[in-house]
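Here the structure comes first, spelled out in structure tokens, and everything after it is commentary.
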Amino acid sequence: MENTDRLAVLIDADNAQPSIVDGLLAEIANFGVASVKRIYGDWTGPGLKGWKELLLQHSIQPVQQFAYTKGKNATDSAMIIDAMDLLYTGNFNGFCIVSSDSDFTKLASRIRESGLLVYGFGEKKTPAPFVSACDKFTYTEVLRAKVDEAEAIQPKSAKDLKRDAKLIRLLRNAVEASSDDDGWAHLGRVGNNIAKQAPEFDARNYGYAKLGELVRATKLFDLVKRSSGSSNIKALYVKDSRK
């Protein structure tokens, strides 16, 4: 079923690259409808030229913010003020914050305290506190790869995946927490559990389009398709091969 959640998309032009825009908007469409799309920066200078050429094409509203003092980021303050104004309207189900800046950590936490979802987007250099403050965080390197085959992330081998102790522990814990008495877990529930533990988790970071593909690639789990509940629709189930 199509997700019709109303989302406010706020982009920090100083901390996001124009090359992500197509992948970004396609990703956001998976979460809901971008009812508001605003991008913040000083549009009087040449630094944001790449973004200027994309604004009309994607119906993104530029918000002018002068740098009042050298070394101080007025753009962040403008984004935060606008976000709170939008939050208080009660018209949205969630926010998409596009930045690699840790200054938005408190904003993300505040929005979530109000019961709304927060989707973060930033480069892999994004500080951990901001990543953890979001319900879901997507690294923008993945978004660039989504539209540029030259930047596609190569799938990691089973050997490399097994060496990633954090990844394997995350997968095993999620399967264990979601499994039935026989050790089998619905893959969708496994994904939900992973998201709660690690908002930044994304199978695409390892070169795989789907969670099921990544799980299978580790060669540490058994996967089968079987009917879910009373429906005849087949769903993917996963089990730790050690059990």
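Quick notes on this structure:
- For Val63, the residues whose amide H sits under 5 Å from its own are Ile39, Tyr40, Gly41, ignoring neighbours fewer than 5 places away on the same chain, with H placed 1.01 Å from N.
- Shape call, the range 1-61: gyration tensor on alpha carbons, a/c limit 1.5: prolate
- Gyration tensor (Cα) of the range 158-240, equivalent ellipsoid semi-axes in angstrom: 21, 13, 13
- The amide H of Phe221, built 1.01 Å from its N in the peptide plane, has Ser241 as neighbours under 5 Å, considering only residues 5 or more places off or on other chains.
- For the range 158-169, 3J(HN,Hα) computed residue by residue from phi via the Karplus equation (6.51, -1.76, 1.60; θ = phi - 60°) reads 4, 4, 5, 5, 5, 6, 7, 4, 5, 4, 5, 5 Hz, glycine and proline entered as x.
- Most to least packed among 163-174, 19-30 [average Cβ atoms within 10 Å]: 19-30, 163-174
- Entry note, the chain: the mean residue ellipticity at 222 nm calculated from DSSP H runs of n ≥ 4, each adding -39500 (n - 2.57), is -11500 deg cm²/dmol after division by the residues and rounding to the nearest 500.
- The percentage of C-alpha pairs in the range 6-150 whose separation is greater than 27 Å is 14%.
- If you take all other residues with their beta carbon under 12 Å from the beta carbon of Ser132, and give Lys and Arg +1 and Asp and Glu -1, the sum is +1.
- When peptides 43-56, 198-211 are ranked by their average number of other Cβ atoms within 10 Å per residue, the highest-first order is 198-211, 43-56.
- Distance violations [Cα-Cα > 28 Å] among Lys162/Lys239; Lys196/Lys219; Lys106/Lys156; Lys196/Lys225; Lys37/Lys156; Lys136/Lys243: Lys106/Lys156; Lys37/Lys156; Lys136/Lys243
- Across all directions, the average flat footprint of the convex hull enclosing the Cα atoms of the chain is 15.2 nm².
- Local electrostatic count, Lys239, Cβ distance below 14 Å [Lys/Arg +1, Asp/Glu -1]: +2
- Antiparallel DSSP beta bridges within the chain, percent to nearest 5: 30
Where a number appears in this text, it was derived from the coordinates with a stated rule and is not lab data. Quantities reported herein were computed from a predicted structural model and do not represent experimental measurements. All Cβ positions, even for glycine, are placed from backbone atoms using ideal geometry, and neighbour counts span all protein chains on display.
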